[in-house]
Amino acid sequence: MNGKMAKGRQLTDEQVSQVRILFPNHTKHEIRSITGIGLSSIDRIQAKYHLRKSAEHLHNMGVRAGKASNIARGGDSSACYTPEAIAKRVKTYKETYRMEDMRTRWGLEQRTKIRLPHGTKHYRDQISYLKGLGYIVDETKKVAYYTSGTHRARRLESLQRGGTKGPMRCYFDFRPYDGE
């Protein structure tokens, strides 16, 4: 051979036009079974002609996927992805997120595994301030340890952890350092 790979069979214009007609409303596997064209060839035609699925087809695919996942969890196939159900899910999630955010701000343990943005600017500034004074800050336990050489922040230490809002909020408990 002269260094070139042998090409597969070339698609006819009729096959290409058939894929272009079928693509918006059919899955690639359905097109393959109708036309006999391989999936990679369908992908190439889709990329070349910038083909997109129709909105109706995407909606139907979402409903089918939702019903399948609902059935897999043992639910009813007719009771998923209604606007009321979606609104209820959103409302519940927002309430749960708000409660988890409040728990972390007050220094309490989370009850769920929702990932919250950790470290507001005020929180990070307070850590930096305490470290600058010589405190040893344990962020996981929310404790700031002081030693004999620490310049103590009496005003911050007098605040209850998570007790107030605004600039006078304290995120840490203060304890003497045992490791000396």
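Which of the aspartates and glutamates could a cross-linker bridge to residue 48, judged by Cα under 14 Å and excluding same-chain residues fewer than eight apart?
Qualifying aspartates and glutamates at Cα under 14 Å: 13.
Could you work out the relative contact order of the stretch 13-70? I mean the mean sequence separation of Cα pairs under 8 Å and 6+ apart, divided by the number of residues, in percent.
Averaging sequence separation for qualifying contacts and normalising by length gives 36 percent for the stretch 13-70.
Residue-wise, which Karplus ³J(HN,Hα) couplings in Hz belong to the stretch 22-38, taking 6.51 cos²θ - 1.76 cosθ + 1.60, θ = phi - 60°, and x for glycine or proline?
7, 4, x, 10, 9, 6, 4, 5, 5, 4, 4, 6, 6, 9, x, 8, x
Under a cut-off of 14 Å between alpha-carbon atoms, report the aspartates and glutamates in cross-link reach of residue 28, not counting same-chain residues fewer than 8 places apart.
By straight Cα distance, residue 28 reaches 43.
In the structure displayed, which of 53/88; 91/113; 113/141; 113/142; 53/91; 94/142 lie more than 21 Å apart, Cα to Cα?
Exceeds cut-off: 53/88; 53/91; 94/142.
Rule-based calculations on the coordinates, nothing more; no lab input. All of these numbers come straight from a predicted model, not from anything done at the bench.
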